[in-house]
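Taking it in order: structure first as structure tokens, then the write-up.
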Amino acid sequence: MNFKIEEFSTDLNIFEIYSCFKDNNSILLDSSKEDRDLSKYSFIGLNPFLTFEAYGRESYINGQRVCNGDPFLVLENLIKKYDFKYDIEVPLISGAIGYISYDAGRIIEDIKDISKEDFRIPDMRFKFYDNIIIFDLINNKKYLTALGVKEDSNKSIKKILDTIQKNINIYKSREDLISKNDMDKTKNNKFYSNFSKEEYIDKIKRLKEYIRSGDVYIANMTQRFLCESNEDSIKIYKSLRSINKAPFSAFVNYDDFQIISSSPERFIQIKDRKAHTRPIKGTRPRGKDSREDLLNKEALINSEKDKAELLMVVDLERNDFSKVCKPHTVKVTELFKLEEYATVFHLVSTIEGELKDEISEVKFIRECFPGGSITGTPKIRAMEIIEELEMLKRNIYTGCIGYFDFRGNSDFNIAIRTIIKKDNKAYFGVGGGITYDSIEEDEYEETLDKAKALMKVL
């Protein structure tokens, strides 16, 4: 390896730069919400030199099966091969970028596999990128890095910068972004759920019986929507981004499927051996005007039910962190913070801790996966009930998307507000936490509130 980093300047925005390279297997990690605390960096991964995949406990490198065992351990050892030191504030300068599906949880916990699968993709996929384009959103700077694995670092940097320069006039002479007229076009897509309204409400009633019997305190119940879609995936992402900006968004352009994510929720960030998680619980729709917005915000802030849901998840996440963090370092730094998004309001908490010396970033993610906000508490029993009631594999939905930097940093979202585009079909899940006090009709309507932005762009 011969690592290089170079600062550059251009008038092109992130989409125009990405459009220069939107070939298969590129990836965009996009902090689109204007938030100085959360939206600090965006990244484009280019020129992958290695692909890691897992189907269950079988691991593959560049399409070749390598072992049958814990794929997290295989991934951990792969990442260690490219470990190096470089002192810069930017959290990702080179690394493996990809996703872990919710169903990878079966690798970690002994959960019955009884649900159906309506489309098949790897449980995990990470591509190791030779080049990263970095957008420092706070300081308005741009950087380009090269590892020098796939091609000489100086050559690859020059090629990328030349490509950007060649496209400046192209993208400044035409409207490449989604126009307002396009957004206003009426879409006639028909959406199909794996549940009718009556079936979903019945599932919630059955879940509440589990809660009444003491199996769980809270569990997440979701439904899956499907529609036909021939639209270009990047256009769908641009549309979603324009109406639902989020700090942990992503566009993953694989040759066999695409991931379109506008997630408001961070799963885990690790930087300089310190970890943060931001579980979300509690949702209210945006109002028709400022007065209705205010009423809905006040209702959420004052909701003892929603705060109790979030508190239970916070306790679960604190417990997960305590397994892999140094004693006495796990702290709740925010408890009931209200955040605003285009279609909903959320309550958010923040938990932090310091990693034990022997714990890697991959091991940390494994021990905390999947996130408590989208499973329930106790986690394993909640996952068993989810498997029984939902009857359909979640796939990437409620898994996580993000990166492992080769210096030990990482950052992953919770894959909610996320569309999978495969074979001219679009899939997405929506759900919410159920407690004994949940009102079935309200919970169903909450899933529709969360689905609005996704339906609008499909």
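The values are calculated or read from the model by the stated rules, or taken from the named source; none is laboratory data. These numbers come from a predicted model, not from an experiment. Glycine also receives a Cβ, built like all others from the backbone with ideal geometry; neighbour counts cover every protein chain displayed.
Remarks
For every residue, the table says whether it meets (1) modelled with pLDDT of 95 or more; (2) among the β-branched types (Val, Ile, Thr); (3) within 24 Å of the chain's Cα centre (by Cα).
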residue: Lys187; (1), (2), (3): no, no, no
residue: Lys190; (1), (2), (3): no, no, no
residue: Gln223; (1), (2), (3): yes, no, yes
residue: Ile260; (1), (2), (3): yes, yes, yes
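One line per residue, one yes/no per condition, for (1) modelled with pLDDT under 95; (2) among the β-branched types (Val, Ile, Thr):
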{"residue": "Asp35", "(1), (2)": "yes, no"}
{"residue": "Lys40", "(1), (2)": "yes, no"}
{"residue": "Ile44", "(1), (2)": "no, yes"}
{"residue": "Ser94", "(1), (2)": "no, no"}
{"residue": "Ile100", "(1), (2)": "no, yes"}
{"residue": "Ala104", "(1), (2)": "no, no"}
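- Residue in segment 188-199 that is touching a strand residue (DSSP E or B) at 6+ places or on another chain (Cβ under 8 Å), closer than 23 Å to Val344 by Cα and surrounded by 22 or more Cβ atoms within 10 Å (Cβ to Cβ) present: no
- Strands (runs of 3 or more DSSP E) lying entirely in segment 213-326 (those with 1 or more residues that are farther than 30 Å from Ile365 by Cβ): 218-228, 280-285
- Take the conditions (1) at positive phi; (2) modelled with pLDDT of 95 or more; Phe72 misses just one of them, which is (1).
- Answer from Leu50, Leu46, Leu75 - the residue that is crowded, with 18+ Cβ neighbours inside 10 Å and either under 18 Å from Ser410 (Cβ atoms) or hydroxyl-bearing (Ser, Thr, Tyr) (or both): Leu75
- Cβ-Cβ distances below 6 Å connect the following pairs, each with a first residue in segment 195-215 that is at pLDDT 95 or above, a second residue that is of a type in the set (Val, Ile, Thr) and assigned to a helix (DSSP H, G or I), and a separation of six or more residues or different chains: Tyr210/Ile385.
- Positions within segment 116-147 being modelled with pLDDT under 95, in contact with a strand residue (DSSP E or B) (Cβ under 9 Å, 6 or more places away or on another chain) and part of a loop (DSSP other than H, G, I, E, B), in sequence order: Glu117, Asp118, Phe119, Arg120, Leu137, Ile138
- Search result, residues across segment 106-120 that are basic (Lys, Arg) and in contact (Cβ under 8 Å) with a residue 24 or more places away in the chain: Arg106, Lys112, Lys116
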